[in-house]
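Worksheet: one structure, shown below.
The values are calculated or read from the model by the stated rules, or taken from the named source; none is laboratory data. On a predicted model such as this, the values are computed, not experimentally measured, just so you know. Positions of Cβ are backbone-derived with ideal geometry, glycine not excepted, and every protein chain shown enters the neighbour counts. Keep in mind that these areas ignore ligands, DNA and RNA; they rest on the heavy atoms of the full protein, side chains included. Shrake-Rupley method; radii C 1.70, N 1.55, O 1.52, S 1.80 Å.
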Amino acid sequence: MKLAIALGQRQLGLTWPNPAVGAVLVQHRDDGPVIVAVGATQAGGRPHAERVALAVAGEQARGGTLYVSLEPCSHHGKSPPCADAIIEAGVARVVSAIEDPDERVAGRGHDLLRQAGIAVDVGCMAREALRAHRGHITRVTRGRPAVTVKLARTTEGFAGVSQGPRLMITGEAANGRVHLMRLHADGILVGIETILRDDPLLTVRLPGLAARSPVRIVFDSTLRLPQDARVVAGAREHPTWVLTAPDAPFHAERALVDAGVDVFRLPGNGAGQISLPHALAFLGERGLTRLFCEGGPTLADALARHDLVDELVLVTGGSGRGRGDIPALGPALQDRMDELALVGEEQLGSDLFMFWEKP
Ligand SMILES: NC(=O)c1ccc[n+]([C@@H]2O[C@H](COP(=O)([O-])OP(=O)(O)OC[C@H]3O[C@@H](n4cnc5c(N)ncnc54)[C@H](OP(=O)(O)O)[C@@H]3O)[C@@H](O)[C@H]2O)c1
């Protein structure tokens, strides 16, 4: 099951709107168990992990045990249900980590297998599977993607500087680690001030992985996004969505659309800005399961105020140059810290990553 979960996790960021599932097919032979096939959900969500593993196993699936990180599907979507394929392949036992809360499945996949005489065990490494499938589960149960906020801060706790050159907080190894986190997201989110101040590219720039850049999403209530911003210049190669408020100027929208940017007008929050709960529900409807918010502190704090932060990655840069004056943690995020559990730490050079999440 550990392998099944890991296989699925490798596909995170590629499979939305579907979950990234892993499957491992094992035959119990006289000299012990043997893995005969593995599979993971493919890009775009099809084929599903079970079908990939069954296709590799062929006749060797008969009488075997299939480990899956999420309940096999039971509904007729673009392809017939995986539960049917498992039954047809003659699998004897299915070990499933968790039930799929998607209302089209919700236990029916396991039921179909049991009705066909297959032994089904549910709950193996459930905790790990719940974490791995947090994006899918949040989307089907709350109608929005799961949100990871990442903030880098100086040892004094600052995320940026209001005047003068950009504050460089972390070193090369830490920046590479952040790119690795980006590729496991479906969308990268920033507020417009981060674009205006830093002009980031928001792509994955790791060797061989550039094609895995997520959708870039900018929250920009009045369409201040300049034509010469790097995210606009590259909008035809990397999908770039700008979310804006109802009254944003139409000429600015036209110019951005002409440059290849997708502009979406969403309900306002009564203060002239985009309503964050509506925005996240919209992104969930578009199929995104995991958002990686890279700032800045204002947007991160606004998300915390609406209880929309599921995971927090705080990077304390020991290699930073310059002094900041914009605090990384706003008041709402500070208040929410009590609700988050520290689940891991990683030291990369002189930079410390701390991973927090909702239990
Ligand atoms: N250390 C880090 O991890 C990190 C990361 C990113 C940025 N930074 C630094 O942070 C600074 C920029 O900070 P920032 O916090 O002002 O930028 P930000 O969070 O990227 O942008 C804030 C803007 O987002 C827009 N927005 C749209 N809807 C919103 C809503 N519902 N709630 C809140 N904001 C909404 C608002 O502008 P409109 O009202 O015009 O839409 C708001 O002013 C820069 O110095 C940058 O270098 C640091």
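Restricted to region 285-321, and to residues that are hydroxyl-bearing (Ser, Thr, Tyr) and more than 8 Å from the ligand (Cβ to nearest atom), which residue is nearest to HIS133 (Cα to Cα)? Please lay out each step first, then the result.
Just the residues of region 285-321 that are hydroxyl-bearing (Ser, Thr, Tyr), to begin with: 289, 298, 316, 319.
If we keep only those that are more than 8 Å from the ligand (Cβ to nearest atom) too, we end up with 289, 316, 319.
Details: THR289: 9, THR316: 27, SER319: 34 Å.
Going through the qualifying residues, I end up with THR289.
Grab the helices (runs of 4 or more DSSP H) fully contained in region 115-186, keeping just those with 3 or more residues being within 28 Å of ILE87 (Cα to Cα) and among the hydrophobic types (A, V, I, L, M, F, W, C).
Values: elements: 126-132, 134-142, 172-183.
Once the helices (runs of 4 or more DSSP H) in region 115-186 are filtered for at least 3 residues that are within 28 Å of ILE87 (Cα to Cα) and among the hydrophobic types (A, V, I, L, M, F, W, C), what remains is 126-132.
Table: residues versus (1) outside any helix (DSSP H, G or I); (2) touching a helix residue (DSSP H, G or I) at 6+ places or on another chain (Cβ under 6 Å); (3) modelled with pLDDT under 95.
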| site | (1), (2), (3) |
| --- | --- |
| ALA281 | no, no, no |
| GLY287 | yes, no, no |
| LEU299 | no, no, no |
| VAL309 | yes, yes, no |
| LEU314 | yes, no, no |
| GLU346 | yes, no, no |
| TRP356 | yes, no, no |
| PRO359 | yes, no, yes |
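For residues that are away from the ligand (no atom under 11 Å from the Cβ) and out of contact with any Leu (no Cβ under 9 Å at 6 or more places or on another chain), tally how many sit in region 156-171.
1
Give me the pairs: first residue in region 322-335 and closer than 16 Å to GLY160 by Cα and within 11 Å of the ligand (Cβ to nearest atom), second residue open to solvent by 30 Å² or more (accessible area, probe 1.4 Å) and among the basic types (Lys, Arg), beta-carbon distance under 6 Å, and six or more apart or on different chains, which are they?
Correct list of pairs: ALA328/ARG153.
Might you check whether a residue that is farther than 20 Å from PRO145 by Cβ, away from the ligand (no atom under 15 Å from the Cβ), acidic (Asp, Glu) and free of Cβ contacts under 8 Å to residues at least 40 places away in the same chain occurs anywhere in region 346-356?
There is no residue in region 346-356 that is farther than 20 Å from PRO145 by Cβ, away from the ligand (no atom under 15 Å from the Cβ), acidic (Asp, Glu) and free of Cβ contacts under 8 Å to residues at least 40 places away in the same chain.
Taking only region 233-278 into account, find how many residues are within 16 Å of the ligand (Cβ to nearest atom), among the hydrophobic types (A, V, I, L, M, F, W, C) and either at pLDDT below 95 or part of a helix (DSSP H, G or I) (or both). It would help to see each step written out before you state the result.
Step one: filter region 233-278 for residues within 16 Å of the ligand (Cβ to nearest atom), giving 240-249, 252-253, 256, 261, 263-278.
Right, trim to among the hydrophobic types (A, V, I, L, M, F, W, C) and you get 241-243, 245, 248, 252, 256, 261, 263-264, 266, 271, 274, 276.
Applying the additional criterion that residues be either at pLDDT below 95 or part of a helix (DSSP H, G or I) (or both) yields 252, 256, 271, 276.
Qualifying residue count for the region: 4.
Looking at (1) touching a Ser or Thr at 6+ places or on another chain (Cβ under 6 Å); (2) surrounded by 20 or more Cβ atoms within 10 Å (Cβ to Cβ), which one does LEU276 not meet, given that it meets all the others?
Tallying (1) touching a Ser or Thr at 6+ places or on another chain (Cβ under 6 Å); (2) surrounded by 20 or more Cβ atoms within 10 Å (Cβ to Cβ), LEU276 fails exactly one: (1).
For region 1-112, which strands (runs of 3 or more DSSP E) that fit wholly inside it have 2 or more residues that are open to solvent by 60 Å² or more (accessible area, probe 1.4 Å)?
Working: elements: 22-29, 32-40, 65-68, 93-96.
Of the strands (runs of 3 or more DSSP E) lying wholly inside region 1-112, those with at least 2 residues that are open to solvent by 60 Å² or more (accessible area, probe 1.4 Å) span 22-29, 32-40.
Among the residues of region 181-232, write down those that are within 16 Å of the ligand (Cβ to nearest atom) and acidic (Asp, Glu).
Residues satisfying the conditions are GLU193, ASP198, ASP199, ASP220.
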